[in-house]
Amino acid sequence: MFGPIGVFDSGYGGLTILRDIVRELPEYDYVYLGDNARTPYGTRSFEVVYEYTREAVARLFEMGCRLVILACNTASAKALRTIQQRDLPGWDASRRVLGVIRPSAEAVADYTRNGHVGVLATKGTVSSGSYLMEIAKIHSGKDLRVTQVACPMWVPLVENGEMDSEGAAFFVRKNVGELMEADPLIDTVVLACTHYPLLRRVIDRYVPAGVRVVQQGEIVAESLKDYLRRHPEMEGTLSKGGEVRYYTTEKEGMFDRMAAMFMQADVASRHLEIR
Ligand code: DGL
């Protein structure tokens with residue numbers, strides 16, 4: 001049985017990952033699911049993020065997906081491991097769920113020159129310590145200093161389409177300022193929330209010149225390509241029609257307008273209940 005690749009996020013953020021995945025691997029079919037009705041995840045407890053993510057992944061599997069990418073750092077930090085270890089074997093051990101933190105943590109060393117790395121993320125991702133742990137594990141021999149700052153207002157700004165507002169400028173300046181003050185030597189800033197590239201124009205105004213800003217889309221797309229090369233048993237079960245379908249747990253109208261803007265294509269989403 002063939003099936004599409006599922007791409008899941010709490011809202012619009014995963015579109016920044018989907019866009020690069022589709023550009024890199026256009027031959028496959030995709031199903032995007034945004035849980036816009038329950039966004040944001042970044043301020044919620046471990047248990048709630050796990051429960052919401054588990055429901056979404058189960059729904060994507062019901063829709064025939066063979067492989068699901070959690071295109072959300074918060075869900076990757078709080079739910080991925082439990083889903084992989086506890087839920088997946090009981091559902092269907094031949095399917096897979098992958099996250100975005102590991103490939104991003106791997107890539108960090110390719111960007112920094114002086115080892116001073118900044119991570120901007122949701123409260124949930126920051127408090128999980130996932131980036132600190134993954135970077136320490138993967139780059140154990142290297143002298144990397146990682147500083148994190150939580151940006152709790154950034155996701156609500158994006159979800160409300162306020163990317164170019166004065167409010168966005170205020171909060172981006174505040175959080176980027178906090179990060180650079182905590183470690184003025186930072187030369188690389190990872191946007192460790194998939195919503196944040198949607199604020200990129202404002203972010204670039206406040207990140208000091210010479211500091212590299214790392215988005216996850218291309219990193220995740222490259223990593224997926226590599227994964228499919230190494231796993232022909234999975235690659236062979238993916239349907240190849242070049243189709244992208246969109247689902248949202250909210251009303252379709254606003255989703256279609258936002259998604260069309262980010263994907264630069266017409267989007268006609270469908271409403272989906274995941275509970
Ligand atoms: N896009 C999600 C992430 O990468 C965050 C979303 C949220 O707070 O809902 O962490």
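Here, each number is a calculation from the coordinates, and none is a lab measurement. Computed from a predicted model, the values in this text were never measured in an experiment. Please note: Cβ atoms are built from the backbone with ideal geometry, for glycine as well, and neighbour counts cover all protein chains shown.
Here are some notes:
- In order along region 80-93, the phi-based Karplus estimate (6.51 cos²θ - 1.76 cosθ + 1.60, θ = phi - 60°) of 3J(HN,Hα) comes to 4, 4, 5, 5, 4, 8, 9, 8, 4, x, x, 6, 5, 5 Hz; Gly and Pro are listed as x.
- Helix axis angle, 166-182 relative to the chain longest principal axis, alpha carbon, degrees: 60
- Distance from region 1-74 to region 188-260 (C-alpha centre basis), Å: 11
- Under-5 Å amide H pairs with residue 5, H placed in peptide plane, nonlocal only: 29, 30, 31
- Cα gyration tensor shape of region 1-157, rounded if a/c is under 1.5, else prolate or oblate by comparing a/b with b/c: prolate
- Between helix 217-230 and the chain: long-axis angle, C-alpha atoms, 0 to 90°, nearest 10: 50
- Selected from 15, 88, 33 as most flexible by GNM, with the chain as the system and alpha-carbon contacts under 10 Å: 88
- The angle separating the long axis of helix 252-263 from the principal Cα axis of greatest extent in the chain is about 60 degrees.
- Rg/Rg_globular for the chain, with Rg_globular taken as 2.2 N^0.38 Å and Rg from C-alpha atoms: 0.96
- Cut-off under 5 Å, modelled amide H: who pairs with residue 97 long-range: 68
- 10 Å binning of all Cα-Cα separations within region 115-238, expressed as whole percents from 0 upward: 12, 39, 30, 14, 4
- Sites residue 264 and residue 166 - FRET efficiency at Förster radius 25 Å, r taken between beta-carbons, to 0.05: 0.40
- Burial order of peptide ranges 130-141, 194-205 (average beta-carbon count within 10 Å, highest first): 194-205, 130-141
- Exposure proxy order (Cβ contacts within 10 Å, fewest to most) of 127, 104: 127, 104
- Per residue of the chain, the DSSP helices (runs of n ≥ 4 H) give a summed -39500 (n - 2.57) that works out to -13000 deg cm²/dmol at 222 nm.
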